[in-house]
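What follows is a structure written as structure tokens; I'll ask about it next.
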Amino acid sequence: MPIELGSPRALGNQLREKAIRKISCVVALLLSDEETIDKRIHETRKAVKRLRAVLRALGTTISGSDFAVIDASLADVGRQLAPLRAARAISDTLVMVNRGFAHDQPELAERMSQALLQHSANVKQQSCLPDRLQGACDALLATSDRISLLKTESCSWSVVSFALTNTYRQARRRFRKALRTDDAEDFHASRRATKHHLHHLELLRPMWPEILGAEAEKAHDLADILGEDHDLADLKALIPELPMELESDEHQVVHRAIEIAVRKRRDRAEPIAARLFAESARAWEARHTAYFTAWRAESKE
């Protein structure tokens, strides 16, 4: 579930307490047997990204050293679980790619599918899954303890607004750079920045749910498309390591299918980003400050 502000008062304390509660929920999920392992890992990685966004929203309220330690700890949780998520994501990505040649070359599509399934199984077998899950839980609990010690009383809207505007500015710049370079790494950097912006929009949603909910939905759409772009790049890099051999013409077929899928996603991303990042950072900050002011006035009535 997204992390959202509950009221326009005591912003820093709200964010701190919501982060602590989110960590408790995530640890319970990781240790539960009620969901599949893929689901638990996926939800944990999403929660970690939201927690890192909350940390950024606290801005200058917390010291640079506290930020660095907590952010690094959260990032490490994501890295511990990344190989498991990547194995599943690449398998899902192959489904998209196979559509480009499955009709004409069903045997090749089947071989690719089987190779990816074997790769995913190998990753899980070699990952020491129980140790990774326990390590993630331990790191999250230690992070919760650190967050509980943060002094957040001085966190005002001006602090939050400054931090969120910087995130918006970075997301806007990174997408524009990716368009200029058409480079996979730049699109990946754009995805990360867009994710941070998305989670900040989720925080602000209660200020005006109809408007900010729609903004967050568009940011989510863009982040998903850029995520597929990144998964396609990962698949392309992984092909030489798969337990199968491809003839030269088969390599061309697969790579061409990946390139077509990438182009389709970048073409879809551009008009969404044009709308999402239409404003200058200064205009974005002014608009959301006006929303906050109205929300605060409404809460006093």
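None of the figures in this text is laboratory data; all of them are computed from the coordinates on show. This structure is a prediction, so every number in the text was calculated from the model and none was measured. All Cβ positions, even for glycine, are placed from backbone atoms using ideal geometry, and neighbour counts span all protein chains on display.
Rg(Cα) of region 1-94 divided by 2.2 N^0.38 Å? Write out the running numbers ahead of the final one.
Numbers: Rg = 14.8 Å, N = 94, 2.2 N^0.38 = 12.4 Å.
In units of the 2.2 N^0.38 Å rule of thumb, it is 1.20.
What is the list of residues in region 239-267 whose amide nitrogen lies under 18 Å from a point 7 angstrom out from the Cα of Asn122, following Cα to Cβ?
239-247
Among Ala297, Ala223, Leu179, which residue has its Cα positioned farthest towards the positive end of the charge dipole of region 156-301, with +1 placed on the Cβ of Lys and Arg, -1 on the Cβ of Asp and Glu, and the dipole taken about the Cα centre?
Final value for the positive-end residue is Ala297.
Asp267 versus Asp138, label points 7 Å from Cα toward the beta carbon: distance in nm?
Rounded to a tenth, the inter-label distance reads 5.0 nm.
Here is a follow-up. Which GluC sites (Glu not before Pro) does region 107-184 hold that lie in a coil by DSSP with at most 12 other beta carbons within 10 Å? Provide the component values of the computation, followed by the final result.
Values: sites: Glu107, Glu110, Glu153; in loops: Glu153.
Answer by residue number: Glu153.
What length, rounded to one decimal in nm, is gained on full extension from Ser280 through to Val69, with 0.36 nm per residue of separation minus their alpha-carbon distance?
Working: separation 211, 0.36 × 211 = 75.96 nm, distance 3.17 nm.
Net length gain for the segment: 72.8 nm.
While we're looking at this one, here's another question. For region 98-250, rounded, prolate or oblate, judged on the Cα gyration tensor with a ≥ b ≥ c (square roots of eigenvalues), a/c < 1.5 rounded, else prolate if a/b > b/c? Please list the in-between numbers first.
Working: a/c = 2.78, a/b = 1.60, b/c = 1.74.
Here region 98-250 falls in the oblate category.
Continuing with this model, one more query. Once both axes come from the Cα atoms, what is the angle between helix 64-98 and the longest principal axis of the chain, in degrees from 0 to 90, rounded to 10?
30
Just check region 10-154 against the gyration tensor rule for me: Cα atoms, a ≥ b ≥ c as the square roots of the eigenvalues, rounded for a/c under 1.5, and otherwise prolate or oblate depending on whether a/b exceeds b/c.
Working: a/c = 3.15, a/b = 2.33, b/c = 1.35.
In terms of gyration-tensor shape, prolate.
Here is a further query. For each pair in Lys49/Lys236; Lys18/Lys46; Lys46/Lys300; Lys22/Lys151; Lys49/Lys264; Lys236/Lys264, compute the distance between the two Cα atoms and list the pairs where it is over 22 Å. Before the final figure, lay out the partial values.
Working: Lys49/Lys236 25 Å; Lys18/Lys46 15 Å; Lys46/Lys300 34 Å; Lys22/Lys151 19 Å; Lys49/Lys264 26 Å; Lys236/Lys264 16 Å.
Table pairs above 22 Å Cα-Cα are Lys49/Lys236; Lys46/Lys300; Lys49/Lys264.
Cα axis of helix 281-300 to longest principal axis of the chain: angle in degrees, 0 to 90, nearest 10?
Result, in degrees: 50.
Moving on. Assigning unit charges at the beta carbon (Lys, Arg +1; Asp, Glu -1) and nothing else, what dipole magnitude in debye, to the nearest 20, does the chain show about its Cα centre? Intermediate results must be reported in sequence, preceding the final value.
Details: 46 positive and 44 negative charges, 286 e Å.
Here the size comes out at about 1380 debye.
Let me ask something additional. With the crude spin-label approximation of a point 7 Å out along Cα→Cβ, what separation in nm comes out for Ala297 versus Ile211?
It is 1.2 nm.
Can you work out the base-10 log of I(q)/I(0) for the chain at q = 0.15 1/Å, using the Debye formula on its C-alpha atoms alone?
-1.22
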